[in-house]
Amino acid sequence: MARSGRKPSGFVSLLLLLAGVLLFWLTVPDLGNAARAATADGPRGIFTAARLVCAGHAGHTTCEWSGTFRSADGTVELGNVKLYGSDRDTFEAGRTAPAVDVGNAGRVYDPTGSRTWIITVVLVAVAYGLLAAVARRHLMPPPPPRRNAPSAAA
């Protein structure tokens, strides 16, 4: 991509830098949980549904079942956790389902894994792209001055 001879805008670079750092700060700590959720890596056990928790926003309502989790060996007991991917019609109070605790506070997952890693990886890639753009704008040497091509004399 050809660059113009203009100096990059410091304000735009600051915005790109702040957005990239913010995205990294929000997503990188969650990479481990996202990987464990994708592979269902953690203690397996039983989720017992207690109540349906719904949140409405922008004309859309999302519901998840909240309840308790107990690992198969009895070493992990969690209260007030939500089963990721459950919705209004998944359970009724008192029903159980197999689940996995991957270490994500307040949430357990289906033993088949989860696709939550996709959005995390996409956001990390966007953050990397923003930071790379700032680095390219300010750390790459300026392009050499253009020379005019000699005109053809007849």
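The table that follows gives values for the structure above.
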quantity	calculated
Virtual spin-label span in nm between residue 119 and residue 14, 7 Å along Cα→Cβ	3.1
About the Cα centre, charge dipole magnitude for region 42-113 (Lys/Arg +1, Asp/Glu -1 at Cβ), debye	80
Over the chain: helical MRE at 222 nm, DSSP H runs n ≥ 4 each giving -39500 (n - 2.57), nearest 500	-11000 deg cm²/dmol
For the chain, radius of gyration divided by Kirkwood radius, i.e. Rg to Rh on alpha-carbons	1.30
Estimated distance in nm for a label pair at residue 73 and residue 132, the labels positioned 7 Å out from Cα along Cα-to-Cβ	4.2
Whole-Hz couplings from phi, Karplus 6.51/-1.76/1.60, listed for region 69-74; x for Gly and Pro	10, 9, 5, 4, 8, x
In region 54-113, the GluC sites (Glu not before Pro) that fall in loop regions by DSSP, at most 11 other Cβ within 10 Å	92
Inter-probe distance in nm under a simple model that places probes 7 Å from Cα toward Cβ, at residue 95 and residue 146	6.7
Dipole of region 1-122 [Lys/Arg +1, Asp/Glu -1 at C-beta], most positive-end residue of 96, 57, 24	24
128, 84 arranged by Cβ crowding within 10 Å, fewest neighbours leading	128, 84
Rounded tilt (10° steps) of 116-139 against the dominant C-alpha axis of the chain	20
Spherically averaged projected area of region 42-113 from its Cα convex hull (nm²)	4.8
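Every number here is computed from the coordinates shown, using simple stated rules; none is lab data. Worth saying up front: this structure is predicted, and the values here are computed from it rather than measured. Glycine gets a Cβ as well: all are built from the backbone with ideal geometry, and neighbour counts include every protein chain shown.
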